[in-house]
1. To the nearest Å, what is the center-to-center distance of the range 88-111 and the range 168-191, using C-alpha atoms only?
2. In the range 66-190, if the dipole is taken from +1 on Lys/Arg beta carbons and -1 on Asp/Glu beta carbons about the Cα centre, which of Ser130, Ala149, Met178 is farthest to the positive end?
3. Could you give the dipole magnitude of the chain about its Cα centre, charging the beta-carbon of Lys and Arg +1 and that of Asp and Glu -1, in debye to the nearest 20?
4. So what's the range 66-190 giving for Cα Rg divided by 2.2 N^0.38 Å, two decimals?
5. Grab the Cα-Cα distance for Tyr112 and Val25, subtract it from 0.36 nm times how many residues apart they are, and report the gain in nm with one decimal.
6. List every residue whose amide H lies under 5 Å from the amide H of Val73, counting only residues 5 or more places away in sequence or on a different chain, with H placed 1.01 Å from N in the peptide plane.
7. In what order do Leu173, Leu86 fall by count of nearby beta-carbon atoms within 10 Å, going from fewest to most?
8. Can you tell me how much longer the chain between His190 and Asp58 gets when fully stretched, taken as 0.36 nm per residue apart minus their C-alpha distance, in nm with one decimal?
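Taken together, the values in this text are just the output of simple stated rules run on the coordinates, not laboratory data. Since the model is a prediction, treat every value here as computed from it, not as a measurement. Using ideal geometry, Cβ is built from the backbone for each residue, glycine included, and neighbour counts are taken over all protein chains shown.
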Amino acid sequence: MTASAIPSSLPELQTKTELIQELSVAVRNIPDYPKPGILFKDITTVIGDARLFKATLDLMTEQLKHLAPVIVVGIEARGFIFGAPLAERLNAGFVPIRKKGKLPGKTISYNYALEYGVDTIQIHEGAIPSGARVLIVDDLLATGGTAAAAAELVQQAGGVVVGYGFMIELDFLEGRKMLPSNIPVESLLHY
Ligand code: AMP
């Protein structure tokens, strides 16, 4: 534990624990969306509340600032909701990774396997300075396939992935096993 992570007083610790508990409850569960058997974690109930959205960004900033990224990469679409404000708070640039065909400039592509079929994600060529420290942000880590694909794309684009930041991690899916064990994975809420 670094010195800055040690709480200065017990009440501060309780407030943070209570806040995390409040956020955990505020995320809405939608059963069988987008298909039967999936329990969808709906973050719109958090981001629609000014106090809860700010608390989420404050807590994620605290968790992620030690990574000192130069670029925050957000994964379409919910990764943009957290990635862009976090980039501003971390004094980093924001670079979007988008689904195929959405970026207007010259792109680098990466194909990855889905449960059925293949998906393609893209990043703008030249968007990441060579060797730049990159933090990958998304709303939720499930099986880890999306984050692993984003990391491949960032490396192809010349960046160095220094960490991953998620609002939510579904621990039982063990998605972090898909990511390199020597790179920090920080998640605010665990289910
Ligand atoms: P994965 O590649 O399996 O880690 O899936 C991560 C991506 O799928 C993220 O962009 C999430 O937004 C979305 N996702 C996967 N599972 C869920 C879920 N149960 N609730 C909400 N979003 C999910």
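1. The range 88-111 and the range 168-191 have Cα centres spaced 22 Å from each other.
2. Ser130
3. On the way: 17 positive and 20 negative charges, 98 e Å.
Here the chain has a charge dipole of around 480 debye.
4. That ratio works out to 0.96.
5. Numbers: separation 87, 0.36 × 87 = 31.32 nm, distance 3.29 nm.
Answer, rounded to one decimal: 28.0 nm.
6. Long-range HN contacts for Val73: Val95, Leu135, Ile136, Val137.
7. On the way: Leu173 14, Leu86 24.
Result, fewest neighbours first: Leu173, Leu86.
8. Numbers: separation 132, 0.36 × 132 = 47.52 nm, distance 1.72 nm.
Working it through step by step, the gained length comes to 45.8 nm.
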